[in-house]
1. Which order results if 221, 242 are arranged by neighbouring Cβ count within 10 Å, fewest first?
2. What is the spin-label model distance, in nm, from residue 21 to residue 146 if the labels are put 7 Å beyond Cα along the C-beta direction?
3. R0 = 30 Å: FRET efficiency of residue 324 with residue 30, Cβ-based, nearest 0.05?
4. For the chain, what does the helix formula give at 222 nm: sum of -39500 (n - 2.57) over DSSP H segments with n ≥ 4, over the residue count, nearest 500 deg cm²/dmol?
5. Looking at the range 56-185 from every direction and averaging, what is the projected area of its Cα convex hull in nm²?
6. Run the numbers on the range 29-167 and let me know its relative contact order in percent, using alpha-carbon pairs under 8 Å that are six or more apart.
7. Given a cut-off of under 8 Å on Cα pairs at least six residues apart, what relative contact order in percent is computed for the chain?
8. How many nm is it between the label spots at residue 216 and residue 340, if each spot is 7 Å from the Cα in line with the beta carbon?
Ligand SMILES: *Cc1c(COP(=O)(O)O)cnc(C)c1O
């Protein structure tokens, strides 16, 4: 009998993670979180509006080297509003990867648009630009600045590349396909705060990019999100739409469209300001943890640790290993062993085109998405797991 792969993997993870129990990703509040939240409670500014919201937005814009940031209630609402501002209308199609968290494709549906699923590549886990170009040349017509899906006859308006687990998608190539087809690029950078590509922060390619500060992300506000853009008019529109479309006035309530209540409360922004101060440290520790995983998995032939592409620096939001092709049948047994041992581990999200409410939507061929899904395992990734490791 060959060596048992599940045992080998468990032993490898145990060489990195010494804590008896490890969650997939835990928040950490060792900075000024208590001080900043207390100051909101002391001065009564807990809700929408307040100094921490403005400060959080300024610091986010600086962190991504982008002109403007608009804080939102969560990443999903930020994506919805970004798509709406990009001109996505009911009945339009929005290109999204099938390998992503459901919020990416749900946000398109919240605009009454139709997600159109495209494949990823195994080097980046993000949208495969070559497969995208091939697919569009087969099904889409670009005429007078507008792309139409010849099969569904619907307009195709936007594309949402996702930086999966913090790894930069191939933005240059994706953007050049998008330009050929007149598609607005909205970057789903919800997992990639602190990641870089070609010397730039990830999230600075699209007309807009979106962040999330959910409890499991690298920086958390409890719940929260943001829309970032270099276009002041887009930022103004995002702020307006997310604050009930209320016109500024000293006392009168005048609204000029049915806006949303999607603004981030000040108390959440306070948490966010304290967390952002810790971002460089979070990234450094998560990269150290990833380095350790990479080393122990180098010794296991049937498993590849998913590492950043050259020219990119991942925040390693979630560490991932890929089983060799042919070993898909072992995935669930390995997950069982790791979770039984107190090491919270997960498969990738069920691909979007396999979820019951989305099986009827238009899609490209998705061989890489399906293969990656059947072979990928996410490992415990909290920054604190790096604390015992040698630098
Ligand atoms: C977390 C996440 C979102 C949305 O974030 P919420 O703040 O939870 O609404 C969107 N897309 C991806 C890929 C995510 O991981």
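Read the figures in this text as sums done on the coordinates, not as results from a lab. All values reported here derive from a predicted model rather than from experimental measurement. Please note: Cβ atoms are built from the backbone with ideal geometry, for glycine as well, and neighbour counts cover all protein chains shown.
1. 242, 221
2. 5.7 nm
3. Between residue 324 and residue 30 the formula returns 0.15.
4. -11000 deg cm²/dmol
5. The number I arrive at for the range 56-185 is 8.0 nm².
6. Relative contact order comes out at 20 percent.
7. RCO, the chain: 25 percent.
8. About 2.3 nm, to one decimal.
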